[in-house]
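In what follows, a single structure is set out as structure tokens and then discussed.
The values are calculated or read from the model by the stated rules, or taken from the named source; none is laboratory data. From a predicted model like this one, the values you see are computed outputs, not experimental measurements. Cβ coordinates were reconstructed from backbone atoms using ideal geometry, including for glycine residues, and neighbour counts include every protein chain displayed. Calculation scope for accessible area: heavy atoms of the full protein, side chains included, ligands and nucleic acids excluded. Shrake-Rupley method; radii C 1.70, N 1.55, O 1.52, S 1.80 Å.
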Amino acid sequence: VCPLQKMYTLGSDFIPSSIHAGGLRYHGMSPLVSAAYDKGYIQSTSYDQTETFEAGVLFARTEGIIPAPESCHALKGAIDQALDAKAKNEERTIVFTLSGHGFLDLSGYEQFLNGTLPSSERDDY
């Protein structure tokens, strides 16, 4: 991939909130995802990390898999889509990615469960 590839970015001087989902703190997006966004195939959504950890705990209790914090953002979006479909009595196919387990992030889950996980600044970019 060369610098000529189109990529959406928040700018090289963007400094994100300190959150547990470190993989989401990068200022840019892959060329493939950028192209899908440019064509209108996907949209972006921002969530507070406490909302996403809540989705992760629900998933863990339901499926027995502790998701990585990055995956919790996708889970929160999938849950929101499912609840919206249910409210509208619509049938939808909802696909999300589970990119990893949260075994290395158990301290974040511990903070969430004992109420000490700080909220992240929520910005809809």
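Values computed for the structure shown
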{"quantity": "Any pair with Cβ under 6 angstrom, 6 or more apart, that starts in the range 95-107 at a residue that is open to solvent by less than 90 Å² (accessible area, probe 1.4 Å) and ends at one that is of a type in the set (V, I, T) and at pLDDT 75 or above", "calculated": "G102/I66"}
{"quantity": "Count - residues of the range 62-102 that are under 25 Å from F112 (Cα atoms) and outside any helix (DSSP H, G or I)", "calculated": "12"}
{"quantity": "Qualifying positions in the range 11-57 - more than 18 Å from A74 (Cβ to Cβ) and either at pLDDT below 65 or of a type in the set (V, I, T) (or both)", "calculated": "G11, F14, I15, S17, S18, H27, G28"}
{"quantity": "Which listed residue, of A60, A55, is open to solvent by less than 40 Å² (accessible area, probe 1.4 Å), under 15 Å from the mean Cα position of the chain (by Cα) and not basic (K, R)", "calculated": "A55"}
{"quantity": "Pairs, first at negative phi and open to solvent by 30 Å² or more (accessible area, probe 1.4 Å) in the range 71-90, second assigned to a loop (DSSP other than H, G, I, E, B) and of a type in the set (K, R), C-beta under 7 Å, six or more apart", "calculated": "Q81/R92"}
